[in-house]
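K.L.:
Take a look at this one; I'll ask things after.
The values are calculated or read from the model by the stated rules, or taken from the named source; none is laboratory data. No experiment lies behind these values; they were computed from the predicted model shown. Cβ: placed from backbone, ideal geometry, glycine included. Neighbour counts: every protein chain shown.
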Amino acid sequence: MEKKMEKMRNEIVGQNKFYGAIAALGIAMIGMMSSGMIDNAYSLNEHSGDFMHGFVLGIVLVMEFYAVFGIGKNLKALKDEKKLARLYNELHDERSEQIEAISSKTGMQIAMILTLAAAIIVSPYSFEAFLAMLVAIVIAGITRKCCKMYYFRNYTGKEE
């Protein structure tokens, strides 16, 4: 039983490291925005610069909230073994994992189709936006294929 508890703790600590990395990235982005590095890219059009500054700041604040909330939830679970076991079981619920796998696959397919449709719609107006959307589709497809190949080779279906 102690070995299983230790495994649960290690997984939650690993999640906290991930959340900490997200928080550090967010702080670095806020630092970059404060120094004016991002604003310089949009100095030709003041309205675009202000919009991008606000947009990036909003995304960073959401990332920070997500990271702090996750760290708090995990630290609370690490203090109590019952909460730790419940959190671990929530993370490894077979039904939830299956639903997540199916919805991720379907969601990725829909997102790629919608991005392709948007690329076709935007192509007469902006060649750069068209290319950016096509590159995003190609990157998503390559990433999906690489992950599929990796898991076909390495996934056994058994917990370690």
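K.L.:
Here's a check for you: in the stretch 122-141, which residue that is surrounded by 12 or more Cβ atoms within 10 Å (Cβ to Cβ) and of a type in the set (Val, Ile, Thr) is nearest to the chain's Cα centre (by Cα)?
P.N.:
Only one residue tops the list, namely ILE137.
K.L.:
Now a separate question. Out of VAL68, VAL62, I need the residue that is surrounded by 12 or more Cβ atoms within 10 Å (Cβ to Cβ) and of a type in the set (A, V, I, L, M). Which one?
P.N.:
When all the criteria are applied, what remains is VAL68.
K.L.:
Filter the stretch 37-91 for residues that are among the aromatic types (Phe, Trp, Tyr) and modelled with pLDDT of 85 or more; which is farthest from GLU6 (Cα to Cα)? Write out each step before concluding.
P.N.:
Residues of the stretch 37-91 that are among the aromatic types (Phe, Trp, Tyr), as a first pass: 42, 51, 55, 65-66, 69, 88.
Still in the list and also modelled with pLDDT of 85 or more: 65-66, 69.
Working: PHE65: 28, TYR66: 25, PHE69: 23 Å.
Filtering the stretch 37-91 for residues that are among the aromatic types (Phe, Trp, Tyr) and modelled with pLDDT of 85 or more, the one farthest from GLU6 (Cα to Cα) comes out as PHE65.
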